[in-house]
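For reference, the structure discussed in these notes is given below.
The values are calculated or read from the model by the stated rules, or taken from the named source; none is laboratory data. From a predicted model like this one, the values you see are computed outputs, not experimental measurements. Cβ placement follows ideal geometry from the backbone for every residue including glycine, while neighbour counts extend to all protein chains displayed.
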Amino acid sequence: MAISRIQTGDKVKIIAGKYKGTVGVVTGVSKKSYIGGVIKKRVTVSEVPRIVKYKKAVNYNGQKFPGSKTMVERKIDASNVMLVTEDETISRIRVEMQGDKKVRVFKKTSKNVEKSKVESLDEVKKNDIKALSN
């Protein structure tokens, strides 16, 4: 069975893009498969701001649907993030067998990867709702 190199709860640093240098915790991982077996893996990071999506008001067959604003998590490609070690440096990882289990290991320090506790997103969502109402 394959083990994913980046998992929910990992502490990562963004190494490319608009939010380069941001350190946060992975709150979600999504995979998207395409024709030909290509899989795109994208992650959501706790410190990256969310996107506001707008829905236009529509009249459809005499029914009126109101417009709305919703907050959506910004997804970043998994190739643009790297795991952070205990001493706050970025490192690649390798997968090793320890007994019968596969374990992720940092290449720089040769220590096992430990997951951070995923922060509760309730406070983040409340702050987003307050920002939308203003």
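For every residue, the table says whether it meets (1) of a type outside the set (A, V, I, L, M, F, W, C); (2) modelled with pLDDT under 90.
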residue: Val84; (1), (2): no, no
residue: Ile93; (1), (2): no, no
residue: Glu96; (1), (2): yes, no
residue: Phe106; (1), (2): no, no
residue: Val118; (1), (2): no, yes
residue: Ile129; (1), (2): no, yes
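Picking from residues in the stretch 41-57 that are within 10 Å of Glu73 (Cβ to Cβ) and out of contact with any helix residue (DSSP H, G or I) (no Cβ under 8 Å at 6 or more places or on another chain), the one that is surrounded by the fewest Cβ atoms within 10 Å (Cβ to Cβ) is Ile51.
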